[in-house]
Every structure is written in structure tokens, then in C-alpha cells.
Amino acid sequence: VDLEVKTKGAAAFGSLGLHAVEMAGRETSTGNRPKRVHCVSNPCTLRINDVTIGVTSSDVLFHISSDETNANLPPGSRLARIAEHLLHQRSYYPLFPPAKGACLDLARYKEWEMPCRPDILIVPSRLATFAKEVMGGSTIVVNPGELTKGTTGGTYAVMDVHPMEREGLEKAVREGDEEMEHGMKDRVRVDIKRI
């Protein structure tokens with residue numbers, strides 16, 4: 001899904017993901033939603049300006065972690081390595097058969113494929129929250145956690161994606177560079193907040 005600059009937001013709905021979008025000036029009657037908010041499928045790969053974002057609400061990190069074995073890993077690397085499985089296999093759910101209790105329609109497995117490697121991958125999970133660079137810094141993986149935990153509040157992520165520096169773009173145009181590094185890891189700030 002390609003979204004233009006004027007997009008106010010995108011919402012993907014799921015058991016661990018977003019359930020409502022609140023915006024100032026929003027109509028409350030049924031069927032009226034702002035034109036700058038787009039509802040997308042689950043999972044979804046969308047592009048907003050120069051940023052490609054992958055989103056799934058399936059708790060694939062938990063499912064992979066319960067089926068894997070590991071030893072002698074550096075502290076803090078396990079969750080990033082699990083997330084890399086999705087990117088290496090270009091799938092939002094690289095397990096077959098799926099974990100018991102996973103809500104997947106296997107007849108639509110093609111829709112679980114990633115058409116490209118996203119710059120930002122959002123994978124909510126009940127595992128520890130994190131935001132990490134993976135794949136040599138080319139992708140930022142974010143686990144915002146669960147929005148609610150039983151009857152108490154959970155966590156969510158606030159992401160700020162800054163535009164590319166004007167000087168760098170102008171220099172690339174002057175020099176005729178058709179491709180340039182977009183420096184995503186230097187342009188994104190992720191804060192995990194508790195409700």
C-alpha cells in the first residue's frame with residue numbers, strides 16, 4: 001500500500017494491535033472516517049513517503065521463541081535474532097505448521113509473504129518490549145508489547161521518523177547518484193511507553 005505525504009495515520013487491527021484511532025475533529029457517526037486515515041490488512045507492508053513499514057498483529061515472536069533452542073547468545077540478542085527469521089524468510093509468519101492457537105488462514109498463506117524488506121517492522125508480542133536495529137541496521141524491529149495485560153494497562157510504541165536531510169538529497173541530485181543510503185537508523189526514534 002502506498003500512502004502519500006498527507007496521510008494522518010494507518011490502522012491495522014488485531015488481538016495484540018491497535019483497536020481504535022482517535023483524532024481531533026473526527027466524525028463520530030458510523031461510516032465517516034477521515035480520508036487521511038487508512039485501514040490496512042493484517043499483515044501489511046505499506047510505504048509512507050520513503051519509508052517501508054511491515055506490520056503484523058500475530059504474536060509470531062512468541063510462537064518462534066517457544067519452538068526454538070538457543071545457547072551461548074550474547075545478552076539481549078535473542079529477540080532481535082528471532083525477528084531476523086521473519087526478514088530472512090520474507091514472511092510475517094515463517095512457521096509451518098502454525099503454533100497451536102494461532103489465528104491464521106492457511107488458504108491465504110501468500111498474503112503472509114513480505115514483498116520486500118521493510119525499513120521498520122512492527123511485531124507486537126507478549127515477550128519483552130524492544131526496538132532494535134537488525135540486518136546490519138537496515139531494518140528497525142519494534143515490539144511495542146500488548147496494549148492491555150489482563151485488567152491493567154500494557155505498553156505501546158511512539159515512533160518519530162524524521163525526513164532525509166535536504167543537503168544530502170541535493171548533493172545526490174547534483175552528483176547524479178540514483179541510489180543513496182536512506183540512513184533509517186539515524187532518522188527514527190522509538191519510545192516504548194507504559195499505560
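The listed residues are T129, T152, T139, and the only one of them that is over 18 Å from the mean Cα position of the chain (by Cα), polar (S, T, N, Q), modelled with pLDDT of 85 or more and closer than 30 Å to I64 by Cα turns out to be T152.
Looking only at the stretch 173-192, residues that are farther than 16 Å from L121 by Cα and of a type in the set (A, V, I, L, M) come to 2 in all.
Contact map, the stretch 129-144: residues that are more than 16 Å from T56 (Cα to Cα) and open to solvent by 10 Å² or more (accessible area, probe 1.4 Å) paired with residues that are outside any strand (DSSP E or B) and of a type outside the set (S, T, N, Q), Cβ distance under 6 Å, separation 6+ or inter-chain. Pairs shown: K132/A80; E133/K185; M135/L87; G137/K185. Of the candidates S65, S57, the single residue that is in a loop (DSSP other than H, G, I, E, B) and open to solvent by less than 30 Å² (accessible area, probe 1.4 Å) is S57. The single condition among (1) more than 25 Å from R117 (Cβ to Cβ); (2) open to solvent by 70 Å² or more (accessible area, probe 1.4 Å); (3) touching a residue at least 12 places away in the same chain (Cβ under 8 Å) that R189 does not satisfy is (1).
When the residues of the stretch 85-124 are narrowed to those that are acidic (D, E) and farther than 22 Å from D50 by Cα, which ends up nearest to the chain's Cα centre (by Cα)? Spell out how you get there, then give the answer.
Within the stretch 85-124, the subset acidic (D, E) is 105, 111, 113, 119.
Subsequent filtering for residues that are farther than 22 Å from D50 by Cα retains 105, 111.
Numbers: D105: 21, E111: 16 Å.
The extreme case among them is E111.
Residues that are surrounded by 15 or more Cβ atoms within 10 Å (Cβ to Cβ) and aromatic (F, W, Y) within the stretch 82-128 comprise Y92, Y93, W112, listed in sequence order.
The values are calculated or read from the model by the stated rules, or taken from the named source; none is laboratory data. All of these numbers come straight from a predicted model, not from anything done at the bench. Positions of Cβ are generated from backbone atoms using ideal geometry, with glycine treated the same way; all protein chains shown enter the neighbour counts. Surface accessibility is based on the protein's heavy atoms, side chains included, excluding ligands, DNA and RNA. Shrake-Rupley method; radii C 1.70, N 1.55, O 1.52, S 1.80 Å.
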